[in-house]
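Student: Here it is, the structure, as structure tokens.
The values are calculated or read from the model by the stated rules, or taken from the named source; none is laboratory data. Computed from a predicted structure; not experimentally measured. Glycine also receives a Cβ, built like all others from the backbone with ideal geometry; neighbour counts cover every protein chain displayed.
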Amino acid sequence: MEGEVFLPHPSNGSLTPALLFDLDGTLVDSVYQHVLAWRDALERAGLPLAVWLIHRRIGMSGGLMVNALAREIGHTLTPDEGARILQYHAEAFRQYAAQVRPLPGARELLAYLAKAAIPHAIATSGRIESAGPTLKTLEVGPDVPVVTRDQVAHAKPDPDLFLAAAARVGVPIEHSVVVGDSIWDLLAARRAHALGVGLMSGGYGQEELERAGAYRVYQDPADLLAHLDEVGVRGA
């Protein structure tokens, strides 16, 4: 996909693609708070699991994640058990939410895109219950479309979240850049036929992100902001 040319689209009248951002680990430093919340939820359900195993699944749909984690210890969840663990996670994450901070350059990146009139949106596997307070830390304005797990049939690694986000900004998904920190974001981007850009701020390494389909990999939002021209984004 290197060297791909983004064509003008009537909805944005420019050569620049839309940027579709994941939230946790991409714009906010919240991955490890989620890991600990999942650990607490699983222990409460009688399914203790090492935190490194939990981290490897962060970014997936919650439903897929709890089933995958239970499988690690040879347990098959019933639907009721799965629903309880999701609720336990939501309750546990509220205890950690105050620790969440925007990643370096996240606010500046979003402010730059808004000022330059570059279409962008946020698409998260989190439900609005947990994503809402996190979005407030970013000072996201009402003009930025936000798609949460509550609004789509399937979350990552399915492409639904990013397809919905592209539709919200009025740019074809093929002319969009998905920015995420996990292999699940990049797998979803590939399935949506979007360009994928990886950030290492969620704990995945460069090689892992590239193998999952990242066209470029940056340290964090500040690093991406300094290199927007490399992903085809032109300022005002």
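Student: Which of the residues that make up the range 35-50 are within 24 Å of the chain's Cα centre (by Cα), surrounded by 13 or more Cβ atoms within 10 Å (Cβ to Cβ) and over 27 Å from A123 (Cα atoms)? Step through it out loud before you land on a result.
Tutor: Taking the range 35-50 and keeping what is within 24 Å of the chain's Cα centre (by Cα), we get 35-42, 49-50.
Still in the list and also surrounded by 13 or more Cβ atoms within 10 Å (Cβ to Cβ): 35-42, 49.
Correct list: L49 only.
Student: Any chance the range 179-192 includes a residue that's surrounded by fewer than 21 Cβ atoms within 10 Å (Cβ to Cβ), modelled with pLDDT of 95 or more, in a helix (DSSP H, G or I) and of a type in the set (K, R)?
Tutor: Checking the range 179-192: at least one residue is surrounded by fewer than 21 Cβ atoms within 10 Å (Cβ to Cβ), modelled with pLDDT of 95 or more, in a helix (DSSP H, G or I) and of a type in the set (K, R).
Student: Under 7 Å between Cβ atoms, which residue pairs at least 6 apart in sequence (or on different chains) link something in the range 25-36 that is at pLDDT below 95 with a partner that is charged (D, E, K, R) and surrounded by fewer than 20 Cβ atoms within 10 Å (Cβ to Cβ)?
Tutor: If the second residue must be charged (D, E, K, R) and surrounded by fewer than 20 Cβ atoms within 10 Å (Cβ to Cβ), no pairs are left.
Student: Further, regarding this structure: Counting residues that are within 14 Å of the chain's Cα centre (by Cα), which helices (runs of 4 or more DSSP H) fully inside the range 51-159 reach at least 3?
Tutor: Numbers: elements: 51-55, 62-72, 79-96, 106-115, 128-138.
Output list reads 128-138.
Student: Among what's in the range 196-236 and is at pLDDT 95 or above and β-branched (V, I, T), pick the residue that is surrounded by the most Cβ atoms within 10 Å (Cβ to Cβ).
Tutor: Checked the range 196-236; the qualifying residue surrounded by the most Cβ atoms within 10 Å (Cβ to Cβ) is V197.
Student: Kindly list, by first and then second residue, each pair from a residue in the range 195-206 that is closer than 10 Å to L224 by Cβ to a residue that is outside any loop (DSSP other than H, G, I, E, B) and at pLDDT below 95, limited to pairs with Cβ atoms under 7 Å and residues at least 6 apart or on different chains.
Tutor: The qualifying pairs are V197/Y215; V197/V231.
Student: When residues of the range 203-217 are filtered for being assigned to a strand (DSSP E or B) and closer than 19 Å to R101 by Cα, how many remain?
Tutor: Here is the first cut: in the range 203-217, the ones assigned to a strand (DSSP E or B) are 214-217.
Filter once more, so that each one left must be closer than 19 Å to R101 by Cα: none.
Residues in the range 203-217 being assigned to a strand (DSSP E or B) and closer than 19 Å to R101 by Cα: 0 in total.
Student: Hey, P102 hits all of (1) modelled with pLDDT of 95 or more; (2) crowded, with 21+ Cβ neighbours inside 10 Å but one; which does it fall short on?
Tutor: (2)
Student: Looking at (1) small (G, A, S); (2) within 24 Å of V35 (Cα to Cα); (3) free of Cβ contacts under 8 Å to residues at least 12 places away in the same chain, find the lone condition where A167 falls short.
Tutor: Just one mismatch for A167, condition (2).
Student: Out of curiosity, is E91 touching a helix residue (DSSP H, G or I) at 6+ places or on another chain (Cβ under 7 Å), over 14 Å from F21 (Cα atoms) and surrounded by fewer than 23 Cβ atoms within 10 Å (Cβ to Cβ)? I'd like the intermediate steps shown before the answer.
Tutor: Values: touching a helix residue (DSSP H, G or I) at 6+ places or on another chain (Cβ under 7 Å): no; over 14 Å from F21 (Cα atoms): yes; surrounded by fewer than 23 Cβ atoms within 10 Å (Cβ to Cβ): yes.
The answer is no for E91.
Student: Give me the pairs, please: first residue somewhere in the range 61-88 and within 26 Å of A123 (Cβ to Cβ) and at pLDDT 85 or above, second residue anywhere and among the basic types (K, R) and outside any loop (DSSP other than H, G, I, E, B), beta-carbon distance under 6 Å, and either six or more positions apart or on two chains.
Tutor: Once the first residue is within 26 Å of A123 (Cβ to Cβ) and at pLDDT 85 or above and sits in the range 61-88, its partners that are among the basic types (K, R) and outside any loop (DSSP other than H, G, I, E, B) give Y88/R44.
Student: For the range 111-123, which residues satisfy the criterion of being of a type outside the set (A, V, I, L, M) and under 15 Å from P221 (Cβ atoms)? First the steps, then the outcome.
Tutor: Going residue by residue through the range 111-123, those that are of a type outside the set (A, V, I, L, M) are 112, 115, 119-120.
Result: Y112, H120.
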